[in-house]
Amino acid sequence: MSVLSGVLLAGLVLPVAGGIGLTAKSTAEGFDEIPDDFKTPPLTQATQIFDAKGGLIAKVYERDRTVLTADQMSPFMRHAQVDIEDARFYEHGAVDLKGVLRALSKNAESGTAAQGASTLTQQYVKNVNVEKAGDDKEAVQEAQRKTLGRKIQELKVAIRLEEELPKDQILTNYLNITFYGNGAYGVEAASQRYFSKSNKDLTIAEAATLAGLVQNPSQYDPKLHPQAAQKRRDTVIDKMVENKHITADQAKEAKAAPLGLRYKDPQNGCITAKAGMGFFCDYVRHVVKQDPAFGKSAEERKKLWDTGGLNIYTTLDPDKQAAAQKAVSDNVRVTDTVSAAATMVEPGTGKILAMAQTRPYGLATEKNQTVVNLNVDLAMGGGTGFQPGSTFKPIVAAAALEAGLSATQQYDSPHELPYPTMKTCEGTWKNEARPKTVVPNESASEKGPYQLKEAMARSVNTYFVQMEQEIGLCAVKQMANKFGITTKASGKPLEEVPSMALGVEEMSPLTMANVYATFAAEGTHCDPLAINKITTVDGKDVPVPAGHCEKAFSEDTARALNTILNGVTVDGTGAALNLDDDRQIAGKTGTSDHKKAAWFDGYTPQLATAVWLGGPAGGVEMRDITINGHHHGEVFGADGPGPIWQMAMNQALRGTPEQSLPMADIPDPAPKPDPSSTGTGTGSPTTTPTGRQH
């Protein structure tokens, strides 16, 4: 009976059965290949991404769908869909023989195959095949192909479903999978798209409008073809009366109602995120697609993301995000030739609390939009990074202190110095250039001897090259690794070259914020963390990466570094960047060669922030430049990114308890001879031009 019915059904749609090219043998083989389980197909749903306070950042999906249970659906919706699609659904089995004969008669009278006889269950099976095909165009075409073999396959599955699932569940599944036009899959997405309300709240007229769409979502689109949609709606209402699901009076009232659309355009993807959160949203997407915690293979992780149906609760603090976004936007215009980016990280946890940049997230390049996240590495949706300049010097200092050098270590620190021979992890680096490559300090008057605290405050290049020579390049590289820096932002390996002490190897703001969070956490380094929790739409937990923290250096080293970096903000290059409440801070300025990037990275015990300023592609020399309407002869870390950092931190920390940094007692060096009498000194650190460093 099932085979006969399948042939009859196929004949309704394919009048010339002999032309389909299927033999009895191929039909039987197709019958054996039918999958057994269509009871719970993996429906693609929307994923929602939330900030740390539960606010929605964005909704992302391959297909906009929210799966409902039967009791979450409008009874009017359920009745309307059955009445217009398959009024005898609850009376017949997988095949409606009366419907087959009726369709045969109608088609014979008209001489066409205008009327089909597929039951709602068979339509559901077809939709599952289309859903399983995903974005594979050939598979979708195959799932929709009108052949005898395809009809028999669908019928076999329909028969099995009717044996294993109650009718109400089949109907529920059907209403969740069906396409209602305008990117809406399932009745909940359709209700939100056309009427901006949940399905359970639909009126009779609204439910009838949606039910009428299924036959031809384009032809009956109420937005584009309101008259056709209303006529189709009224046909559905008549069917509901005919099948005694509503009264004549209810029908009259429903027909008298206008379509009443409250259409809501699809809101899909990180591009819809507000308050500058689009870049962080995109970062979360990269985390899910790359972290092995979400699947052993790239294919598994992609499937998880594409299937969706997740509620992702992130670490992003909306208040700190607002502070960071306002700071970068108020200090750098979208139309400026340069851009700014800022990342905030919580010390001791690695939680990313804010991720902001001047240029908005989007595809409209004529509006200076971009989808390149300047805060992160290339692999995570960013660019190739920017030279961090002198903000890298504290890593060299950490390596030196861990190697046993004193916090009062002194070097002669001449004004300029040919790069000396240095030990690497695998050999020796030699300055073989002719003439030899020379490293200068910022000004001719900048020459030692200096101890570490003053050298950091003044950002003396030759001091840190001499320190690097004493401990070896390998020690610097290994310390960078402990900070989580195993590659450049581009993904290329770190190079063991003397200029690494001066920050010539490109890093991202997230990387540098995490470095300074390690200083704030007394030497405990934590991998960056973006996700707190993930649940499925039915409340099940999805395992997420656990925060990973380990000691990068000792607490003695941490206290010494806090003291040294606090000195930068007290009487060094960052002295102008104190906060409104005068709480204790520490940090470091940085400016790359040719002024193509400027940084200020700083912290308190509860918050670390890295701010970068420069050309988005790294090619803008910040000399004789106008930024935010103000002319700059040259841009340095203290006067470019510094005020952005200051504004962001003031707002982010307002009202929070003041905490002190654990400090060490580092004696100041003996006063230098009067430079007017010897010509070799430079005076106290307070005379150093603010921001003058590489």
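The values are calculated or read from the model by the stated rules, or taken from the named source; none is laboratory data. The shown structure was predicted, so the numbers you read here are calculated from the model rather than taken from an experiment. Every residue, glycine as well, gets a Cβ built from its backbone with ideal geometry; the counts of neighbours run over all protein chains shown. For the accessible areas, the whole protein counts, side chains as well, though only heavy atoms, and no ligand, DNA or RNA atoms are used. Shrake-Rupley method; radii C 1.70, N 1.55, O 1.52, S 1.80 Å.
Side notes on the structure shown:
- Restricting the trypsin sites (Lys or Arg not before Pro) of segment 535-628 to loop positions (DSSP other than H, G, I, E, B) with no more than 10 neighbouring Cβ atoms within 10 Å leaves Lys540.
- Gain on full stretching of the segment that runs from Ala256 to Asn532 - 0.36 nm per residue minus C-alpha separation: 94.3 nm
- Counting only alpha carbon atoms, the long axis of helix 641-653 and the longest principal axis of the chain meet at about 60°.
- Using alpha-carbon coordinates, inclination of helix 461-471 to the longest axis of the chain, degrees: 80
- Loop trypsin sites (Lys or Arg not before Pro), segment 292-346, which have at most 11 other Cβ atoms in a 10 Å radius of their Cβ (DSSP): Lys296
- Applying 0.36 nm per residue to the separation of Cys549 and Glu426 and subtracting their alpha-carbon distance, the gain on full extension is 41.4 nm.
- Label-point separation in nm, Tyr263 to Glu138, each point 7 Å along Cα→Cβ: 3.7
- Using a Förster distance of 51 Å, the FRET efficiency for Asp249-Gln606 (Cβ separation, nearest 0.05): 0.20
- Amide N of segment 532-564 lying under 12 Å from the label point, which is placed 7 angstrom from the Cα of Gln290 along Cα→Cβ: none
- Distance (nanometres) between label positions extended 7 Å along Cα→Cβ at Asp71 and Asn216: 4.0
- Probe 1.4 Å, protein heavy atoms only - accessible area per residue of the chain in square angstrom: 42
- Debye, to nearest 20: dipole size of the chain, +1 on Lys, Arg Cβ, -1 on Asp, Glu Cβ: 1900
- Radius of gyration (Cα atoms) of segment 541-610, expressed as a multiple of 2.2 N^0.38 Å: 1.43.
- Between Arg434 and Lys303, the C-beta separation translates, for a Förster distance of 60 Å, into a calculated FRET efficiency of about 0.60.
- Between 0 and 90°, nearest 10: helix 120-133 axis offset from the chain longest Cα axis: 30
- Principal axis extents of the Cα atoms in the chain, from largest to smallest and rounded to whole angstrom, are 116, 56, 41.
- Shown for segment 223-262: the carbon plus sulfur share of the solvent-accessible area, taken with all protein chains present and a 1.4 angstrom probe, equals 51%.
- Legend: calculated FRET efficiency, Asp330 to Met663, from the Cβ-Cβ distance at R0 = 30 Å, rounded to 0.05, equals 0.35.
- Expected 222 nm ellipticity per residue - DSSP helices of 4 or more, -39500 (n - 2.57), all of the chain, to 500: -11500 deg cm²/dmol
- Exposed-site-free run, longest, the chain (rule: GluC sites (Glu not before Pro); DSSP loop; at most 13 other C-beta within 10 Å): 92-425
- Three-way shape label, segment 390-443, alpha-carbon gyration tensor, a/c 1.5: oblate
- Projecting the Cα atoms of Pro318, Ile471, Gln192 onto the dipole axis of the chain, where Lys and Arg carry +1 and Asp and Glu carry -1 at the beta carbon, places Gln192 farthest toward the positive end.
- Neighbour-limited loop hits for chymotrypsin sites (Phe, Trp or Tyr not before Pro), segment 197-287 (at most 14 other Cβ within 10 Å; DSSP other than H, G, I, E, B): Tyr263
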